[in-house]
Amino acid sequence: MTARPASPGAGNGRVLLQRRRRYGDTVFRAAMLTAAGLVVVVLAAMAVFLVTQSLPALRHYGPLSFLGSDRWAPSDATPAGTSPNPYGIVQFIYGTVLTSVIGLLIAVPMSVGIGLFITGIAPAWLRRPLSYVVDLLAAIPSVVFGFWGIFALIPALQPVVSFLTGTLGKIPVIGGVFAGPFFGLSYFTAGIILAIMVLPIVTALCREIFATTPADEKEAALALGMTRWEMLRTAVLPRSRAGIIGASILGLGRAFGETIAVTMVIGNNVLSITKSIFSTGATMASVIANEFTEATEPFHLDSLFVVAMWLLIISLIVNVAGKLAVRRIRGDLA
Amino acid sequence: MALAEPADPISGTTEPARMPGGNAVGRIEVTDLTAAYRGRPAITGVNLAMEPGKVTALIGPSGCGKSTLLRCLNGLHLIVPGASVTGTVHLDGTNIYDRGVDLVQVRRHVGMVFQRPNPFPTMSIADNVAAGLKFGPRSERRGRKLHEVIERSLLQAGLWEEVKDRLGKPGAGLSGGQQQRLCIARSLAVEPQILLMDEPCSALDPVSTEVIEGLIGALKHDYTVVIVTHNMQQAARVSDVTAFMTVSSPGAPGQLVEAANTQELFSQPAEQATMDYISGKIG
Amino acid sequence: MATSMLRRHPGQQQPGYSPSAARRTRDRVMTIVLAVVVAIAVAVLVWVLAYVAAQGFKYLSPAFFTHTPPGNPASYGGGYANGIVGSLIIVGIAALISVPVGIAAAVAIIEYGGRLAAAASFITDVLVGVPTIVTGAFIYALWVIHFGFSGLAGSIALALVMLPLVIRATAEMLRLVPVHLREASAALGVSRARTIVSVVLPTASSGIITGVFLAVARAMGETAPLLLTALGDQQFMQVHPTQRMSTLSLQIFTDAISGFQAAQARAWAGALTLIIIVSLFAISARLISRRATITRS
């Protein structure tokens, strides 16, 4: 005997008419949105706290004085003295930018080359393993790179750099940039390590960008009788230009923020800007890492927060610019 | 098919409840229904009644809005952001789009089976069938034994014999036709009065299609069935009432042209447009 | 590929279409150049791993995992037991903080949407690019100033590093859950919240776990933020997160630049250990993402 399911309102416990106050749904939704709100709050708090901690130094010396001097001499600081500002941060900005640019100059061409090879030349079975291997570089922790940099990279660089200082270092006018002596720890060494660390992400992005080239454009080029290299150069590269730039900007952002590996190989010469790329220096990240826990001088810690604040600002600008450039090609969380 | 009587969770008796005044249970009446996505109407001015104990088929060329109409019957149309509805859909006298009505509750009365079978991939066959009960309001679980419900639903869906020994196996491991019957069982487990089917056989092979069409014939005794199909022969085979929808021009909102007993509609349609569609001139 | 039929074979009489010898040479040369570039990248990876392995194995032994460093850094012997335990505790707590918040935020972004969620989505991308030393400085200002250096402070800093990674991975997985599963659940009369918890999240679960493991692998390797928060107790085992704690990464850092050969030897072993641990997490992540979803009955 079959029974019909009871109808609404017929006493089976289901009533259509009441708007059920869905507490469960409302609470759940609120909880999820709170978590999302937390993310926003975190970034805002970061900015607020950094500025707040920098405020004493900013007020004492005046905000612009930090950017006006490249001399960082905490031992010169006195509680009363306000000028000159002993905490000039220009050389840190210089160090950050210089090492990152060196890194990019090396990494970007390589990434483009590797990307072209993987998407355009390598046989299908080789693509995944190759991509995987390059990605593996990203998994190596920063401190390991720094360690290896000191004991393996620097000895290997000695002969190369001696050659460069001997040749490029002798050229009039720009020779100063390549002058010796080279003691291992230097902007240049840091730049090379940054190149290695930035390579995986720029390569991955280039791979994605090159892979979006429509197959028929590539086939049309080949059908015209172009060699494979010519096809890559005319069908893949030109349309990828914007993407490559975006990837480079993102790589730059990553390089700006790299701390430990750079700290270990740059020499931490905080006094002022040194001209040669083969001499020791410091970056914004490295000075914070080095001096933070021993910042006992007047306004020392506060000034380090000024450095942190500026580091955050330039990192954010570069990363947002990079994201916007790349987002047009691959959607992230959009 | 021998089916166990579901116990009434309030009184504990197994007597089916009756409405005063007869057996009218699961009647849908659509009045002047217009459904739109972000302001652009997909269907306009639909008037249609679907009777319990009958299978109503919605046919028409692609893009005529038959799926949209179907989704308006259980409020699923409104899940898409920016969607809106005007007009009424009365379910046994209650307008489901009334302010006071909870659409989630409505869907306990109106089940739906989709074009592509979609069993929950992380759950076993038994868990799939029981999902509606397990994740639904506690009050409906009282007095019900899950394994009885599972067996009853699978029997109703004609799947019990094939899976009774492997209820713990993943639902995704079945064939297409079996998966669709699993989805039917899943819908039936919450004891709706009405079953909506959106082209349930279009992704299946002919043998599975035949099995499910046979199932529909059996289900109509206990449920009101509304089926959307692009296959006219199927509509002729399974339905008692057929409603024909079409668009006046590409991009225009869909409209209900006519609805009549299936026999009548296919042999002597009242409208020329229907005639054109049936004879293959359009569509 | 159809183009292989169209590609002109050398020697075929098609003046102007068949690549000259010079162009063919250039093609070959460039192919070699690109292959060399790839080889250099691979060679660097092998060089780093081989060097660390060579130096590390010299000193690695079971005692390394069970002993703490000797009192005098110049003497050989001892190990990084305290750092390893510290790493596991600090990263563990960081995961406990970042994973629920991260999953919830991703649910808000993908399932609910709205302006707050869109802002969170954008800011998540931004947070990925924040230098970890800055995160450390932030937590110093927020927490350490009031409560002192501690493993817990380190955990909070690492949680901030992991959070955007977890959100990104979860969001990507949630997006992959087909719409028709959500519809099927809704059609059964299951509430929105229950649909997300019982249908959507379980379907996305293996991918989410993969993302979490990768975030953990990343966090295990972090040093910079911990310099400013957990600070490290180089010598003794410490399991209370409210105290200063050492981590593997901190110990490697300190010993690597210490100038003592014995300390450096320990650091190499530590570096090898760290790479092994990070690899274990990363490999587990890949294995999890490959397994088919299992039934729960």
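Summary of computed values
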quantity	calculated
Members of the range B:79-121 found to be part of a helix (DSSP H, G or I) and out of contact with any strand residue (DSSP E or B) (no Cβ under 8 Å at 6 or more places or on another chain), listed by number	B:79, B:103, B:104, B:105, B:107, B:108
Output for the range B:199-223, where each listed residue is farther than 15 Å from residue B:107 by Cα and not in a helix (DSSP H, G or I)	B:199, B:200, B:201, B:202, B:203, B:204, B:205, B:220, B:221, B:222
Filtered residues of the range B:187-201 (kept if more than 21 Å from residue B:229 (Cβ to Cβ) and within 11 Å of chain C (Cβ to nearest Cβ))	B:189, B:190, B:191
Helices (runs of 4 or more DSSP H) wholly inside the range A:215-289 that include at least 2 residues being among the aliphatic types (A, V, I, L, M)	A:215-223, A:237-257, A:260-266
Index of the failed condition, residue B:173 passing every other in (1) within 17 Å of residue C:198 (Cβ to Cβ); (2) within 11 Å of chain C (Cβ to nearest Cβ)	(1)
Candidates C:224, C:219, C:193, C:230, filtered to the one that is at the interface with chain A (Cβ under 8 Å from one of its Cβ atoms), small (Gly, Ala, Ser) and in contact (Cβ under 8 Å) with a residue 40 or more places away in the chain	C:224
Residues of the range B:165-181 that turn out to be of a type in the set (Ser, Thr, Tyr) and part of a helix (DSSP H, G or I), as a count	0
Residue match in the range B:60-72 (condition: within 23 Å of residue B:262 (Cα to Cα), outside any loop (DSSP other than H, G, I, E, B) and among the charged types (D, E, K, R))	yes
Residue under evaluation residue B:143, criteria (1) touching a residue at least 24 places away in the same chain (Cβ under 8 Å); (2) touching a strand residue (DSSP E or B) at 6+ places or on another chain (Cβ under 8 Å); (3) surrounded by fewer than 18 Cβ atoms within 10 Å (Cβ to Cβ), criterion not met	(2)
Residue match in the range A:195-202 (condition: facing another protein chain (nearest Cβ under 8 Å), within 23 Å of residue C:53 (Cβ to Cβ), surrounded by fewer than 18 Cβ atoms within 10 Å (Cβ to Cβ) and under 21 Å from the mean Cα position of the chain (by Cα))	no
Single residue of A:303, A:315, A:248 found to be within 30 Å of residue A:173 (Cβ to Cβ) and in the same structural domain as residue A:207 (by TED's automatic domain parsing)	A:248
Whichever residue in the range B:122-164 is of a type in the set (Val, Ile, Thr) and part of a helix (DSSP H, G or I) and, among such residues, is nearest to the chain's Cα centre (by Cα)	B:129
Lone qualifier among A:163, A:178, A:188, A:182 - being over 20 Å from residue A:262 (Cβ atoms), surrounded by 15 or more Cβ atoms within 10 Å (Cβ to Cβ) and of a type in the set (Phe, Trp, Tyr)	A:178
Total residues in the range B:224-283, condition more than 18 Å from the chain's Cα centre (by Cα) and either among the small types (Gly, Ala, Ser) or outside any helix (DSSP H, G or I) (or both)	26
Residue list for the range B:120-158, filter: away from chain C (no Cβ under 11 Å) and more than 18 Å from residue B:195 (Cα to Cα)	B:138, B:139, B:141, B:142, B:143, B:144, B:145, B:146, B:147, B:148, B:151
Residue in the range A:114-123 that is farthest from residue A:208 (Cα to Cα), counting only those that are within 11 Å of another protein chain (Cβ to nearest Cβ) and without any contact (Cβ under 8 Å) to a residue 24 or more places away in the chain	A:122
Complete set of residues in the range B:54-67 that are of a type in the set (Val, Ile, Thr) and closer than 13 Å to residue B:199 by Cβ	B:59
Wholly enclosed helices (runs of 4 or more DSSP H) of the range C:203-297 bearing at least 1 residues under 30 Å from residue C:182 (Cβ atoms)	C:261-290
Filter result (surrounded by fewer than 20 Cβ atoms within 10 Å (Cβ to Cβ) and either of a type in the set (S, T, N, Q) or in a helix (DSSP H, G or I) (or both)) within the range A:74-92	A:74, A:75, A:76, A:78, A:82, A:83, A:90
Search result, residues across the range B:53-90 that are crowded, with 21+ Cβ neighbours inside 10 Å and farther than 28 Å from residue B:276 by Cα	B:74, B:75, B:76, B:77, B:89
Test for residue C:265: is it of a type in the set (Gly, Ala, Ser), surrounded by fewer than 24 Cβ atoms within 10 Å (Cβ to Cβ) and out of contact with any strand residue (DSSP E or B) (no Cβ under 6 Å at 6 or more places or on another chain)	yes
Flag for residue C:161 being surrounded by fewer than 24 Cβ atoms within 10 Å (Cβ to Cβ) and modelled with pLDDT of 95 or more	yes
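The rows are residues; the columns are (1) facing another protein chain (nearest Cβ under 7 Å); (2) under 21 Å from the mean Cα position of the chain (by Cα); (3) farther than 30 Å from residue C:266 by Cα.
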| position | (1), (2), (3) |
| --- | --- |
| C:101 | yes, yes, yes |
| C:109 | yes, no, yes |
| C:112 | yes, no, yes |
| C:119 | yes, no, yes |
| C:127 | yes, yes, yes |
| C:130 | yes, yes, yes |
| C:144 | no, no, no |
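Table: residues versus (1) more than 21 Å from residue A:255 (Cα to Cα); (2) touching a strand residue (DSSP E or B) at 6+ places or on another chain (Cβ under 6 Å); (3) crowded, with 20+ Cβ neighbours inside 10 Å.
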{"site": "A:100", "(1), (2), (3)": "no, no, yes"}
{"site": "A:112", "(1), (2), (3)": "no, no, yes"}
{"site": "A:117", "(1), (2), (3)": "yes, no, yes"}
{"site": "A:137", "(1), (2), (3)": "no, no, yes"}
{"site": "A:141", "(1), (2), (3)": "no, no, yes"}
{"site": "A:156", "(1), (2), (3)": "yes, no, no"}
{"site": "A:159", "(1), (2), (3)": "yes, no, no"}
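Here is a yes/no grid of residues against (1) touching a Phe, Trp or Tyr at 6+ places or on another chain (Cβ under 9 Å); (2) within 29 Å of residue A:275 (Cβ to Cβ):
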position	(1), (2)
A:65	yes, yes
A:73	yes, yes
A:95	yes, yes
A:108	no, yes
A:122	no, no
A:126	no, no
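The values are calculated or read from the model by the stated rules, or taken from the named source; none is laboratory data. Not measured: the values here are computed from a predicted model. With ideal geometry, Cβ positions are generated from the backbone for all residues, glycine too; neighbour counts draw on all protein chains shown.
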